[in-house]
1. Does Glu70 fit the bill of being at pLDDT below 95, surrounded by fewer than 15 Cβ atoms within 10 Å (Cβ to Cβ) and either touching an Asp or Glu at 6+ places or on another chain (Cβ under 6 Å) or more than 21 Å from Leu24 (Cβ to Cβ) (or both)?
2. Can you tell me which residue is surrounded by the most Cβ atoms within 10 Å (Cβ to Cβ) among those in the range 85-110 that are among the charged types (D, E, K, R) and closer than 16 Å to Ile59 by Cα?
3. Kindly indicate whether Thr92 is under 14 Å from Phe27 (Cα atoms), without any contact (Cβ under 8 Å) to a residue 12 or more places away in the chain and hydroxyl-bearing (Ser, Thr, Tyr).
4. Does the range 35-50 include one or more residues that are within 18 Å of Trp116 (Cβ to Cβ) and within 14 Å of the chain's Cα centre (by Cα)?
5. Checking Trp116 against (1) more than 10 Å from the chain's Cα centre (by Cα); (2) surrounded by 14 or more Cβ atoms within 10 Å (Cβ to Cβ); (3) over 18 Å from Lys21 (Cα atoms); (4) hydrophobic (A, V, I, L, M, F, W, C), only one condition comes out false. Which one?
Amino acid sequence: MLNNPYQAYQKTQIETASQGKLILMLFDGAIKFCKTALQGLEEKDYEKVNTNITKAQAIINELMITLDRESGGEIAQNLYLLYDYMFRRLITANIKKSSEMINEVLNMLVDFRQTWEEVIKLARKENYRTD
């Protein structure tokens, strides 16, 4: 049982979220962790950098393994390759302590998040059509 009310709220939010909302939450988390890693670089706190890059990688890995590459066809395969690229860039960024590489991945994540948000909006609009 969760003693922290905030943790209980978060757990409920995740358990009741739609698939689209969950994807947005994953992107939000990865974006937050990349930003925190960049902050760690500025502070020369390399443990903070490593911890947050590792968390961002875990989220990207989750995005990769949940892709249905059989049913998703070429789009899913291309997404997988892009996620894999981001994952590998974060590995290299962590080794080299490169803000440029973290920023590259951060920008990609922001773009992906915006695209998913638009897809979700369009899907809702399609579902509410009454033609």
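The values are calculated or read from the model by the stated rules, or taken from the named source; none is laboratory data. Quick caveat: nothing in here was measured; it's all calculated off a predicted structure. FYI the Cβ positions are ideal-geometry reconstructions off the backbone, even for glycines, and counts take in every protein chain you see.
1. yes
2. Arg89
3. So Thr92 does not fit the description; no.
4. No, the range 35-50 contains no residue that is within 18 Å of Trp116 (Cβ to Cβ) and within 14 Å of the chain's Cα centre (by Cα).
5. (3) is the only condition that Trp116 fails.
Quick grid of which residues meet (1) of a type in the set (D, E, K, R); (2) in contact with a helix residue (DSSP H, G or I) (Cβ under 8 Å, 6 or more places away or on another chain); (3) more than 30 Å from Lys44 (Cβ to Cβ):
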{"site": "Ile95", "(1), (2), (3)": "no, no, no"}
{"site": "Ser99", "(1), (2), (3)": "no, yes, no"}
{"site": "Phe112", "(1), (2), (3)": "no, yes, no"}
{"site": "Val119", "(1), (2), (3)": "no, yes, yes"}
{"site": "Ala123", "(1), (2), (3)": "no, yes, yes"}
{"site": "Glu126", "(1), (2), (3)": "yes, no, yes"}
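For (1) under 27 Å from Gly20 (Cα atoms); (2) at pLDDT below 95; (3) of a type in the set (Lys, Arg), each residue gets a yes or a no:
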{"residue": "Leu41", "(1), (2), (3)": "no, no, no"}
{"residue": "Lys48", "(1), (2), (3)": "no, no, yes"}
{"residue": "Ile53", "(1), (2), (3)": "yes, no, no"}
{"residue": "Glu62", "(1), (2), (3)": "yes, no, no"}
{"residue": "Asp84", "(1), (2), (3)": "yes, no, no"}
{"residue": "Thr92", "(1), (2), (3)": "no, no, no"}
{"residue": "Lys97", "(1), (2), (3)": "no, no, yes"}
{"residue": "Glu100", "(1), (2), (3)": "no, no, no"}
{"residue": "Met108", "(1), (2), (3)": "yes, no, no"}
